[in-house]
Amino acid sequence: MHINRIDLNLFVVFEAIYTEGSITRAAEVLHLTQPAVSHALSRLREALQDELFIRYGKGMRPTPFARQLIVNVRQSLGGLQRGLQQSREFSPANLETTFRLYLRDLFEVLLLPRLIAQCNTIASQVKFSCIRIARDQIQHDLASGRVDLAVDVLFSHDPDILHQKLCSDESVCLVRRNHPAMNREWTLTECLKWPHILVSSREHGPGFEDIQLARHGLERSIGLRIPQYYAAALVLLESDMVICAPRQFARALVANLPLAVLPFPMLLAEMEIYMYWHHTLDQEPAHRWLRSQLMQCIRNAELAD
């Protein structure tokens, strides 16, 4: 099929429905009527000879063909947008865009307040959207354009995904301030005596500290596995459990919750934090500016090496 037989505006509608998962919400984002979006979808279905989306509950589920198509559509639309942006001299003050970020909740706490405050002073029209996705989907969503920038610990990735180290931090332990262990010597035996909370986005598998404990033939008892640090911290307030977390994040929690920070009573490798992006965005001015702002936040927070 030749592209000149398809109205390219239909792909804008397609991307909006895919992102929003709903014709109604896509219409709101595009500032169109719902019938207009439905009509555009019908035209694209006919042109591509595929249903593209199947109604599922109150939303729309993409077909396998649509899942394959979205990667190229987002890259093409993003390339066009970047081309239009680059046709003018780049100026943060004139930048109008929404950056879509993947951040774990601890990075949201550490980075988002500084990043938004910093950007508001020099790029008031820039907006941010934090996206929750499964960790094994990060590379796919960076490639498809659903996510502009991800921040996470080091993980294996393909050559199309670029990365840069942001900072490193040591692991410490968090307990409630009136935890029974506060009146005792904080040894490794004492630390492993109490049930721990493992914060992980995965349903199974060891955590960062577990891998290093295992090298010494040790293990901790996991009393709770949960995907968010802040929720885990609230559990600490009502229990005798222990959380292992990066020191800077622990400091942020202690400033707002009645928790205490204790050293991890064994030498552990530091946790290294990286930002990730797709290679097609590497030289894009707005994205380069975003990465520089994130690095500046790290330097201002004294987190960098």
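Might you let me know whether the stretch 58-71 holds any residue that is more than 24 Å from Q139 (Cα to Cα), modelled with pLDDT under 90, not in a loop (DSSP other than H, G, I, E, B) and not assigned by TED's automatic domain parsing to the domain that holds L154? Yes, because at least one residue in the stretch 58-71 is more than 24 Å from Q139 (Cα to Cα), modelled with pLDDT under 90, not in a loop (DSSP other than H, G, I, E, B) and not assigned by TED's automatic domain parsing to the domain that holds L154.
Consider the stretch 37-52 and keep the residues that are touching a helix residue (DSSP H, G or I) at 6+ places or on another chain (Cβ under 7 Å) and without any contact (Cβ under 8 Å) to a residue 24 or more places away in the chain. The one that is nearest to L10 (Cα to Cα) is S38. If only residues of the stretch 212-233 that are out of contact with any helix residue (DSSP H, G or I) (no Cβ under 9 Å at 6 or more places or on another chain) and of a type in the set (A, V, I, L, M) are counted, the one that is surrounded by the most Cβ atoms within 10 Å (Cβ to Cβ) is A232.
Yes or no, residue by residue, for (1) free of Cβ contacts under 8 Å to residues at least 40 places away in the same chain; (2) assigned to a helix (DSSP H, G or I); (3) loosely packed, with under 14 Cβ neighbours inside 10 Å; (4) of a type outside the set (D, E, K, R):
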| site | (1), (2), (3), (4) |
| --- | --- |
| L32 | yes, no, no, yes |
| I54 | yes, no, yes, yes |
| L77 | no, yes, no, yes |
| Y102 | no, no, no, yes |
| E108 | yes, yes, no, no |
| A117 | yes, yes, yes, yes |
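Wholly within the stretch 192-299, which strands (runs of 3 or more DSSP E) include no fewer than the required count, namely at least 3 residues that are on the phi < 0 side of the Ramachandran plot, over 21 Å from the mean Cα position of the chain (by Cα) and not assigned by TED's automatic domain parsing to the domain that holds A143? The strands (runs of 3 or more DSSP E) meeting that bar are 222-226, 259-263. Against the conditions (1) small (G, A, S); (2) in contact with a strand residue (DSSP E or B) (Cβ under 9 Å, 6 or more places away or on another chain); (3) in contact (Cβ under 8 Å) with a residue 40 or more places away in the chain, S201 satisfies every one except (2).
On the stretch given as the stretch 79-100, residues that are within 17 Å of L142 (Cα to Cα), at pLDDT 75 or above and either part of a helix (DSSP H, G or I) or not β-branched (V, I, T) (or both) total 2.
Can we say D136 is acidic (D, E) and touching a residue at least 12 places away in the same chain (Cβ under 8 Å)? Explain how you work it out, then say what you get.
Numbers: acidic (D, E): yes; touching a residue at least 12 places away in the same chain (Cβ under 8 Å): no.
Judged against the criteria, D136 is not a match.
Please verify whether the stretch 148-160 includes one or more residues that are of a type in the set (V, I, T), within 19 Å of V109 (Cα to Cα) and either in the same structural domain as V235 (by TED's automatic domain parsing) or part of a loop (DSSP other than H, G, I, E, B) (or both). The answer is no; no qualifying residue exists.
The listed residues are L281, L290, L236, L267, and the only one of them that is out of contact with any helix residue (DSSP H, G or I) (no Cβ under 8 Å at 6 or more places or on another chain) and within 17 Å of H163 (Cβ to Cβ) turns out to be L290. Whether a residue is crowded, with 18+ Cβ neighbours inside 10 Å and not assigned by TED's automatic domain parsing to the domain that holds S292 was assessed, and I138 does not pass this test.
Checked against (1) surrounded by fewer than 19 Cβ atoms within 10 Å (Cβ to Cβ); (2) of a type outside the set (D, E); (3) more than 29 Å from A214 (Cα to Cα), W277 passes all but a single condition, namely (1).
Would it be correct to say that R45 is surrounded by 14 or more Cβ atoms within 10 Å (Cβ to Cβ), within 26 Å of A143 (Cβ to Cβ) and either outside the structural domain of D7 (by TED's automatic domain parsing) or at pLDDT 90 or above (or both)? Against the criterion (surrounded by 14 or more Cβ atoms within 10 Å (Cβ to Cβ), within 26 Å of A143 (Cβ to Cβ) and either outside the structural domain of D7 (by TED's automatic domain parsing) or at pLDDT 90 or above (or both)), R45 qualifies.
The values are calculated or read from the model by the stated rules, or taken from the named source; none is laboratory data. Keep in mind it's a predicted model, so treat the numbers as computed, not measured. Quick reminder, even Gly has a Cβ in these numbers, built from the backbone with ideal geometry, and neighbours come from all protein chains shown.
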